[in-house]
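To start, the structure under review is shown below, and the notes come after it.
The values are calculated or read from the model by the stated rules, or taken from the named source; none is laboratory data. Given the structure is predicted, the values throughout are model-derived calculations rather than measurements. FYI the Cβ positions are ideal-geometry reconstructions off the backbone, even for glycines, and counts take in every protein chain you see.
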Amino acid sequence: MTELSAHLPQFQHGQLTENFPDNHLSNTNDNSERRRHDNSERRRNDNPESETNGQPQNSTHLVVEQDEEDEELTLKYGAKHVIMLFAPVTLCMVVVVATIKSVSFYTRKDGQLIYTPFTEDTDTVGQRALNSILNAAIMISVIIVMTILLVVLYKYRCYKVIHGWLIISSLLLLFFFSFIYLGEVFKTYNVAMDYITLALMIWNFGVVGMICIHWKGPLRLQQAYLIMISALMALVFIKYLPEWTAWLILAVISVYDLVAVLCPKGPLRMLVETAQERNETLFPALIYSSTMIWLVNMAEEDPEAQRKASKSSTYDKQAAANQTQNEDADMDDGGFDPEWEQQRDSRIGPLESTPESRAAVQALPSNSQASEDPEERGVKLGLGDFIFYSVLVGKASATASGDWNTTLACFVAILIGLCLTLLLLAIFKKALPALPISITFGLVFYFATDNLVQPFMDQLAFHQFYI
Amino acid sequence: PTSPCQPWSHHWGSGGGSQSPASDPLPWGARTQPLTRFPAWAPELSCSLSQCAGGGDSPAPAEPAGGRSPGSGSSPAAGGGSGGLWTGRGRVQVWAKLLRHDRGRVHWVHLHRLRAGAGPVRRRIAAEPLRLLFLIAGGFFWLVSLLLSSLVWFIAVQIGGSNNASVKKNLLIFGVVLSVLLQEVFRFAYYKLLKKANKGLMTISQEETMPISVRQLSYVSGLGFGIMSGVFSLVNILTDSLGPGTVGIYGDSPQYFLSSAFMTLAIVLLHIFWGIVFFDACEKKKWWALALVILSHLLVSGLTFLNPQYEGNLVPSYVIMMLMGTWAFFTAGGSLRNLKLCLMCRDKDFLLANQRPR
């Protein structure tokens with residue numbers, strides 16, 4: 001069971017991991033044994049505890065140490081998971097590009113963040129390059145410091161501080177940034193709005209968002225909110241990062257992501273491993289997950305009947321034991337009350353749920369496992385990935401001379417990069433950085449399309465030649 | 001001796017599940033009572049259920065056989081067990097219905113297990129998302145080919161250097177020809193990649209049928225190429241058409257937008273047809289068909305050099321498109337008979353596959 005519950009957690013700077021459902025079914029021994037067996041060669045790095053699961057094998061006949069690859073036949077991450085991630089990434093990018101194209105606020109230069117103090121309005125190209133390099137360096141060091149701080153806090157179990165930090169940042173995003181966004185949209189479309197209505201809207205949006213993200217909520221709503229806050233954050237970056245700085249930061253952060261997740265002493269890797277050791281999930285506010293976690297419980301034997309059986313067996317061994325066993329079988333109705341049984345009998349015919357049958361059913365591989373075959377396992381992606389993908393595509397749509405061609409090229413490149421990353425994840429089955437491949441493809445395609453393809457297509461369109 | 005629970009496409013009508021499940025790959029139920037009374041069209045049903053029955057301790061496994069036979073004998077279940085190609089989902093539904101009619105003991109418990117784990121049906125990698133993935137990858141390949149060809153063109157222009165308009169135009173024509181050839185090369189490369197990927201997917205899933213057929217692949221890849229090509233040709237023109245402006249103010253044709261749209265449509269459809277014919281030619285090693293596809297692509301692109309004389313360009317292009325369309329139709333297995341059946345909604349195979357009444 002531990003292998004089922006100890007799923008690899010995630011962090012925001014883009015790791016891509018798996019999401020095993022938390023399965024609290026009490027006797028999934030067989031299932032876990034079987035899965036362990038067949039997965040042992042596949043999940044080499046994953047869950048060291050799974051091998052030490054000390055629960056005894058339950059009643060025998062179900063455990064078949066056969067070739068279980070049939071059960072896990074599909075690629076662990078099939079095309080379905082790729083599409084499950086394509087959809088939110090596409091949606092986030094669409095929101096960002098639509099905003100950039102319509103609301104001019106986000107393409108206007110209104111100063112820069114304090115993290116990028118050097119301006120890019122310089123006289124010479126060299127000076128501009130130098131400034132942007134310095135800006136990128138400062139930004140990256142800020143990110144590194146914050147990541148290390150997060151890891152330190154996590155290691156020393158200062159959960160309250162981390163939660164407070166996350167709550168403050170999501171408050172900022174959900175209330176303040178969305179207020180600004182809404183204001184700018186209203187300005188663009190010349191919609192007259194009063195403060196009272198606006199306050200009501202923002203209040204509702206924000207509070208529901210906080211609840212969905214930090215506590216519980218419908219899955220789709222939570223996903224929608226995560227997409228929205230990623231888009232808002234990306235828009236902020238697009239507005240306040242000057243051009244060369246933005247491209248440099250994208251390049252450097254994908255290198256950093258690679259290092260931080262894969263190197264043994266990388267902060268993100270340490271975070272992942274610590275969370276794994278403690279068997280915890282990482283912060284839900286930083287991760288987009290595509291499925292819900294299933295919690296299944298099956299009716300267990302009535303504990304009183306069990307006690308009675310044991311009591312009686314200690315008193316009077318043979319005959320009495322048999323007798324009480326039968327009695328217990330009658331008295332222990334497995335939790336089904338008479339009305340329910342009547343209903344059931346009328347619907348599907350007389351059935352009898354004896355302790356043996358219940359034991360047999362419980363000993364079956366769990367329902368949740370059955371109804372959640374490998375294809376329905378979820379995939380997780382950090383919000384940082386969403387943000388940086390959208391920054392790339394947004395910047396491409398904002399500043400490219402090729403405009404839509406460049407935007408589309410970057411979009412396709414990022415999707416293909418994500419697909420390749422998922423393929424690697426399916427092969428290696430450990431936390432992987434999701435930024436490097438996609439951002440590299442995106443950057444290559446941005447510069448290539450903008451400088452090479454655009455003049456070509458322009459000329460073709462001018463002469464109306466078609467290729 | 002093959003295991004009884006092989007992918008059903010191989011077991012269609014091949015008799016009941018009376019084979020021993022010893023070599024059965026289904027993981028549960030080491031012991032079974034093979035049920036021989038199952039209808040011939042559902043051999044996997046018998047073996048799967050026998051596995052289920054064998055798995056439990058309590059309800060005696062003999063019982064399912066006894067308890068089930070009236071059910072199975074008398075309820076040949078929905079959709080009639082005869083011929084036609086069933087999709088996986090169709091099979092699953094049938095099994096569920098069959099079980100529901102049955103008053104057997106264990107089955108309601110095992111129902112979801114069967115539905116969920118029912119061997120070959122669930123093991124198929126779902127074709128739908130795979131198709132979408134290959135579509136986007138096809139677009140990516142087209143994009144890469146465009147990138148390379150524009151790189152070469154750019155270098156040529158830098159080398160060529162002059163501001164002479166005719167030199168530029170000639171270089172552009174060279175760029176177009178190169179781009180067409182590179183597109184076809186990348187189509188071939190994509191074909192090779194898809195074959196390899198399919199093989200890989202097959203070995204991983206240990207199935208004997210490909211998750212996605214070559215025909216579907218050819219259509220999807222052609223569509224991918226077509227969509228990217230169309231989008232790159234048209235989107236900037238569309239955005240310009242929104243803005244303020246007058247078409248043809250400098251003496252160019254005022255039908256610029258319209259002709260662009262028609263031409264793009266032709267190109268997109270042509271890419272689909274070329275994809276189908278191309279892949280089929282590669283599969284069957286018909287090199288003449290391959291050469292014909294490349295030639296027709298060159299021809300269509302060449303005709304666009306006649307623009308803005310739209311009659312000289314659009315009409316032959318559409319004619320070529322119709323011809324390619326019929327060629328692709330017959331290549332993909334269509335025939336006049338199929339067409340008639342399809343149009344009159346009487347195509348049995350299609351209907352069965354989609355569980356619709358006639």
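Determine whether A:Val259 is modelled with pLDDT under 95 and β-branched (Val, Ile, Thr). Full working, then the answer.
Values: modelled with pLDDT under 95: yes; β-branched (Val, Ile, Thr): yes.
Yes: the conditions hold for A:Val259.
State yes or no: is B:Ala189 more than 13 Å from chain A (Cβ to nearest Cβ), under 23 Å from B:Leu269 (Cα atoms) and touching a residue at least 40 places away in the same chain (Cβ under 8 Å)? Outline the logic, then answer.
Numbers: more than 13 Å from chain A (Cβ to nearest Cβ): yes; under 23 Å from B:Leu269 (Cα atoms): yes; touching a residue at least 40 places away in the same chain (Cβ under 8 Å): yes.
So B:Ala189 passes the test.
In the set (1) crowded, with 22+ Cβ neighbours inside 10 Å; (2) not in a helix (DSSP H, G or I), the condition left unmet by A:Val391 is number (2). Looking across the stretch A:430-462, the residues that are over 14 Å from A:Ala396 (Cβ atoms), among the aliphatic types (A, V, I, L, M), part of a helix (DSSP H, G or I) and touching a Phe, Trp or Tyr at 6+ places or on another chain (Cβ under 9 Å) come down to A:Leu435, A:Leu452, A:Met457, A:Leu460. Within the stretch A:409-429, one or more residues are modelled with pLDDT under 85, more than 10 Å from chain B (Cβ to nearest Cβ), on the phi > 0 side of the Ramachandran plot and not in a helix (DSSP H, G or I).
Okay, residues lined up against (1) at pLDDT below 95; (2) within 31 Å of the chain's Cα centre (by Cα); (3) farther than 30 Å from B:Asn236 by Cα:
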residue	(1), (2), (3)
A:Val89	no, yes, no
A:Met93	no, yes, no
A:Val97	no, yes, no
A:Arg108	yes, no, no
A:Ile114	yes, yes, yes
A:Phe118	yes, no, yes
A:Asp123	yes, no, yes
A:Met146	yes, yes, yes
A:Leu150	yes, yes, yes
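As a summary of the residue check, B:Phe305 satisfies the conditions (1) within 14 Å of another protein chain (Cβ to nearest Cβ); (2) within 24 Å of the chain's Cα centre (by Cα); (3) at pLDDT below 95 except for the one numbered (2).
Count of the stretch A:82-112 residues, restricted to those that are buried (at least 16 other Cβ atoms within 10 Å of the Cβ) and not in a helix (DSSP H, G or I), is 2.
Listed here are the residues, each with its yes/no results for (1) surrounded by fewer than 19 Cβ atoms within 10 Å (Cβ to Cβ); (2) within 12 Å of chain A (Cβ to nearest Cβ); (3) assigned to a helix (DSSP H, G or I).
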site	(1), (2), (3)
B:Ser150	no, yes, yes
B:Ala156	yes, yes, yes
B:Ser162	yes, no, no
B:Leu172	no, yes, yes
B:Val176	no, yes, yes
B:Val185	yes, no, yes
B:Leu194	no, no, yes
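Report, by residue number, each residue of the stretch A:201-216 that is more than 17 Å from the chain's Cα centre (by Cα) and surrounded by fewer than 12 Cβ atoms within 10 Å (Cβ to Cβ). A:Trp203, A:Asn204 - these are the residues of the stretch A:201-216 that are more than 17 Å from the chain's Cα centre (by Cα) and surrounded by fewer than 12 Cβ atoms within 10 Å (Cβ to Cβ).
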